[in-house]
Amino acid sequence: MGTRTGFRDRWRSLSPLPPPGRLRTLSLATLANTVGTGLWVTAAALYLTRSVGLTPTEVGLGLTVAGLVGLTASVPLGGLADRRDPRALRAVLQLAQAAVAASYLLVGSFPAFLLVATVDALLVSGNLAVRAALVAAVGGPEGRVHAFATLRAVANLGVTLGAGLAAFALVADTGWAYRLLVLGNVATYLLSAALIMRLPPYPPVRRPVRPRPGRALRDGRFLAVAGASAVLSLHWVALTLILPLWVVTRTDAPPVTVAAVLLVNTLLTVLLAVRLSRSARHALPAATAMRRAGLVLAAGMLLWAATAVVPTMAAVGLLLGATVVYTLGDLWHGGAGAALAYDLAAPDAIGAYQGVDTLLAGLARAAGPALLTWLILDGGPVGWLALAGLLAGTGLTVPPLTRRALANRAQPLPASGQPISSST
């Protein structure tokens, strides 16, 4: 009996799932959703090229165009979450995404693919802003950053599980195997929507006195902080796109090291995301954590740069060690970014402000591949040094920008007519 209890205690300490309650329900919905994400992302390129018959160029171009168009949905749908129940709105969006995911089975040409991918990207972008509003409602002012970190850990677990399941289809490498993955993705959206509807409704507490479109887009001090966080989010492009290419073209490390790097990042995220979010639940400590994140991420970039000039075993060890450093910076950035986006938002426009934050991060990540490919893969170690300088410098600007934004919270925003406190 004692052994069984000890095992349960160890599992609870390692599992990212929270105790039973509303956050557990939302976590299970996220887990279902991200298992589908792992299924689709792992096999999407092969399905579209091998089963549909698109060229790799068409797939890349279509996803780029769709992604840029999709960013336009984040602000309006985030604003809608301020005026409607974000739980019901997210469930509706999940059902819509299930229908769009199923539509990939009907794609047979590039124009059809572009249409489906664009609608998909619009729903994904808008859903991120609505999810942020729902997380704020479930977690409350004191628990929303903890909830955000919990869901991030759960999402990493879900994507990993989905990618593992997708491996069976990759081994089979048949049209039917890829279609089953598409159907699996559809099923996870439906399950996620059903779980979300088990949450209680969250009607808006109060409405703005004079609601106007684009209010969050006119809050220059919030834009400055969110823009700095968006610049720091370039580190994600460095990890997922630039580093794998760097490993195979500029280092003596074997290509399998890329999988080890991503595995280390995923495991540490699952284990540490909640723990590292505890010190940054409000704006000022979050700004300090963001500064720390910029400096730690810069150190990770410098360590990755050094892998080009060391022998094989040293390169492997340095890549893995640098990834540990990088992941700490990544998690501090994620938790601090969430806290700042929530705490610097107008209390009656949480969804709209999260939409702007999502939009800026999306723009940075859209520009990131071309920028960092030119800077690092063409520039070599000097490019990593430049990126490190950008990340460190940006992190250092966040505390003064945050203090400036908090000072502005004592004054009424032009579109509201209501004073906004420094803490939501």
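The values are calculated or read from the model by the stated rules, or taken from the named source; none is laboratory data. Please read all numbers here as calculations on a predicted model, not as lab measurements. Virtual Cβ from ideal backbone geometry, glycine too; neighbours counted across all protein chains shown. SASA here: full protein model, heavy atoms, side chains in, ligands and nucleic acids out. Shrake-Rupley method; radii C 1.70, N 1.55, O 1.52, S 1.80 Å.
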Of these, LEU77, LEU114, LEU128, which one is open to solvent by 30 Å² or more (accessible area, probe 1.4 Å), out of contact with any strand residue (DSSP E or B) (no Cβ under 7 Å at 6 or more places or on another chain) and farther than 23 Å from LEU195 by Cβ?
LEU114
Given (1) open to solvent by 50 Å² or more (accessible area, probe 1.4 Å); (2) closer than 30 Å to THR394 by Cα; (3) under 22 Å from the mean Cα position of the chain (by Cα), index of the condition VAL119 fails:
(2)
Using the structure shown, decide if ALA129 is in contact (Cβ under 8 Å) with a residue 24 or more places away in the chain and more than 20 Å from LEU31 (Cβ to Cβ).
yes
Scan the range 151-205 residue by residue and report those that are surrounded by 21 or more Cβ atoms within 10 Å (Cβ to Cβ) and part of a loop (DSSP other than H, G, I, E, B).
LEU199
How many residues does the range 329-349 contain that are within 28 Å of ARG83 (Cβ to Cβ), in a helix (DSSP H, G or I), of a type in the set (A, V, I, L, M, F, W, C) and out of contact with any Pro (no Cβ under 9 Å at 6 or more places or on another chain)?
3
Does THR160 satisfy the criteria of being of a type in the set (S, T, N, Q) and within 22 Å of ALA44 (Cα to Cα)?
yes
